[in-house]
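Have a look at the structure below before the remarks.
Quick note: the coordinates plus some simple rules give every number you see, no bench work behind them. All values reported here derive from a predicted model rather than from experimental measurement. Cβ sites come from the backbone with ideal geometry, for glycine too, and all protein chains shown count toward neighbours.
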Amino acid sequence: MRFSLAYQDASLNDEIAALKEDTDCLSALKLLISPESFAGLKGWMGKASFSAPVMDEIHSISDRIRSDGDLFVLVGVGGSNQAAQAAIDALGDGFRHNVRYAGNGLSPRALSRLLEELDGRNEIYVNVIAKNFATLEPGSHFRVLRSYLEKRYGKADAGRRIIATGTIGSSLERISRENGYTFLAFPEDIGGRYSAHSAVGLLPMAVAGIDVDRLVEGVSDQMDEEVRHGIDSAAASYAIARRLLYEKGFCIEQLVSEEPSLRLFGRWWRQMYGESGGKDGLGIYPATSIYTEDLHSIGQLVQEGARNLFETFLSMPDDSSLIIPASSYADGFEYIEGKDLAEMNRIAIDATIGAHSSAGVPCIRLDADGCDAYSWGRVFYFFEFSCALSCLLFGVNPFDQNGVEEYKRRMFKALGQNGV
Ligand code: PA5
């Protein structure tokens with residue numbers, strides 16, 4: 001990943017360079033990479049979550065689903081399915097059209113529509129992902145879906161169609177053993193939003209035809225790169241720039257891509273940075289946009305609204321190309337005849353960065369090498385690492401999310417859950 005800045009205030013580059021020498025910054029990085037700190041929460045920084053036995057199991061389960069199934073329902077919420085959704089939408093093969101999501105909300109309409117769709121399909125598989133199996137959204141939806149499968153196929157055949165991803169020793173593991181579900185381990189030392197390159201993210205990605213071996217190679221190379229480059233890495237520059245911009249009053253970050261297939265990647269990023277960084281009265285609000293489409297909705301505000309927003313332009317280029325044809329009649333668009341839409345998209349982004357930065361909006365550019373599975377692996381780890389470092393630069397814990405408990409406490413009380 002390459003990091004660069006487009007900003008009127010050229011001193012920001014110097015400030016980033018100066019902070020790289022700063023003791024507080026170096027201590028934050030040391031804290032992140034030291035094995036003693038946050039022990040038990042940094043499994044995502046190691047390679048065990050995609051060891052050969054884990055990958056073999058993922059391949060054998062995903063091959064079975066791809067050859068026998070015609071609908072795959074992924075049940076999970078938050079970190080338990082955002083990474084898979086993002087990668088599947090951008091990279092999945094034709095099987096991605098057979099993937100559905102459930103348990104990411106409590107909408108009866110959405111679940112009823114899904115059940116209607118299941119009636120029209122023959123071979124259904126369900127992957128329920130829940131670290132502790134206490135979250136209401138996946139818990140309630142899994143109950144409905146397994147009762148549907150049991151009614152339709154009988155208990156034993158239903159069990160064959162269910163893959164449960166949970167922590168060893170959890171009630172989900174017990175239920176799986178008792179009912180003949182396939183059980184996959186959700187690594188205890190990895191939190192939901194850091195789980196892209198564990199069985200949590202990799203199984204659904206493999207089902208959708210993503211080359212998960214290449215993806216984890218990308219993760220692994222990015223891990224090595226972070227170790228090699230330390231504070232001089234692009235991830236560190238990005239984390240430091242966020243901190244500096246926040247201090248200057250920029251409390252909203254908009255992640256922008258010019259590629260609509262990265263829309264769900266934006267949701268993954270939003271969860272990663274929002275849930276990790278919004279604590280102790282601090283935090284940058286993570287917003288996302290796809291340009292040029294959203295220039296026609298949010299572009300006005302960015303150009304001329306309050307100066308509290310900065311933009312991060314993520315580019316993951318591929319070799320797509322589409323030439324604008326000649327026209328048999330004049331339509332006013334003669335000037336684009338023979339031009340490549342890919343080039344036009346790039347020109348539009350450059351023009352946008354020029355316009356926004358000249359109006360005082362700090363613009364960061366993050367340029368990945370490509371958009372294949374390998375590059376996605378690198379990009380996932382890049383953002384995880386820079387997010388954790390960014391949190392430490394703010395002095396907040398990147399791995400907890402205690403604030404989410406407050407709504408749950410009230411909801412559980414209203415629902416009459418035991419012990420609340
Ligand atoms: O990132 C996180 O830790 C959270 O977003 C969780 O993934 C989410 O709350 C779902 O948790 P669970 O898998 O325990 O149902």
> Any idea what angle helix 341-358 forms with the longest principal axis of the chain, computed on alpha-carbon atoms, 0 to 90 degrees, nearest 10?
Replying inline: 60 degrees
> Once the Cα atoms of helix 108-119 and of the chain are each reduced to a long axis, what angle between those two axes, in degrees from 0 to 90 to the nearest 10, is obtained?
Replying inline: 60 degrees
> For the chain, with the dipole built from +1 on Lys and Arg beta-carbon atoms and -1 on Asp and Glu ones, taken about the Cα centre, which of V219, Q85, G249 lies farthest toward the positive end?
Replying inline: Q85
>> Sort M45, M55 by Cβ crowding within 10 Å, fewest neighbours at the top.
In response: M55, M45
> Between Y148, L203, G120, whose Cα lies farthest towards the positive end of the dipole of segment 43-210 when Lys and Arg beta carbons carry +1 and Asp and Glu beta carbons carry -1, centred on the Cα centre?
Replying inline: Y148
>> Run the reach check for K20 against lysines, Cα to Cα strictly under 19 Å, same-chain hits fewer than 8 apart removed. What comes back?
In response: K30, K248
> Any idea what the dipole of segment 155-291 comes to, in debye rounded to 20, about its Cα centre with Lys/Arg Cβ at +1 and Asp/Glu Cβ at -1?
Replying inline: 620 debye
> Considering the chain as a Gaussian network with a 10 Å cut-off on Cα pairs, which listed residue, E137, E150, E259, attains the greatest mean-square fluctuation?
Replying inline: E150
> Where does the charge balance sit around D224 when Lys and Arg score +1, Asp and Glu -1, over other residues with C-beta under 12 Å from its C-beta?
Replying inline: -1
> What ranking of H97, H229 emerges when the number of other C-beta atoms within 10 Å of each C-beta is taken as an exposure proxy, fewest first?
Replying inline: H97, H229
> To the nearest Å, what is the center-to-center distance of segment 124-173 and segment 208-260, using C-alpha atoms only?
Replying inline: 34 Å
> Which value in nm describes the separation of the simple spin-label points at A17 and S358, placed 7 Å from the Cα toward the beta carbon?
Replying inline: 2.7 nm
> For segment 222-239, in order, what is each residue's ³J(HN,Hα) by Karplus, 6.51 cos²θ - 1.76 cosθ + 1.60 with θ = phi - 60°, in whole Hz (x at glycine and Pro)?
Replying inline: 5, 4, 4, 5, 4, 5, 5, 8, x, 5, 8, 6, 5, 4, 5, 4, 5, 4
>> What does the net charge come to around R263 if you take all other residues with beta carbon closer than 15 Å to its beta carbon, with K and R at +1 and D and E at -1?
In response: -2
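Under unit Cβ charges (Lys, Arg +1; Asp, Glu -1), what dipole magnitude, rounded to 20 debye, does the chain have relative to its Cα centre?
Values: 41 positive and 58 negative charges, 431 e Å.
In debye, rounded to 20, the chain gives about 2060.
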> Can you sort Y407, Y101, Y273, Y285 so the residue with the fewest Cβ neighbours within 10 Å comes first?
Replying inline: Y407, Y285, Y101, Y273
> If you take the beta carbon distance between R307 and E406 as r and set R0 to 30 Å, what does 1/(1 + (r/R0)^6) give as a FRET efficiency, to the nearest 0.05?
Replying inline: 0.40
> If each Cα of the chain is one equal point scatterer, what is log10 of I(q)/I(0) from the Debye formula at q = 0.07 Å⁻¹?
Replying inline: -0.37
>> Between 0 and 90 degrees, rounded to the nearest ten: what's the tilt of helix 405-415 against the longest Cα principal axis of the chain?
In response: 40 degrees
> So if R0 is 60 Å, what FRET efficiency would D56 and Y335 give, r being the distance between their Cβ atoms, rounded to the nearest 0.05?
Replying inline: 0.65
> Given +1 on the Cβ of Lys and Arg, -1 on the Cβ of Asp and Glu, and no further charges, what dipole in debye does segment 84-129 carry about its Cα centre, rounded to the nearest 20?
Replying inline: 140 debye
> So if R0 is 25 Å, what FRET efficiency would I252 and D224 give, r being the distance between their Cβ atoms, rounded to the nearest 0.05?
Replying inline: 0.15
> Around S237, with a cut-off of 14 angstrom between Cβ atoms, what is the net charge of the other residues, counting Lys and Arg +1 and Asp and Glu -1?
Replying inline: -3
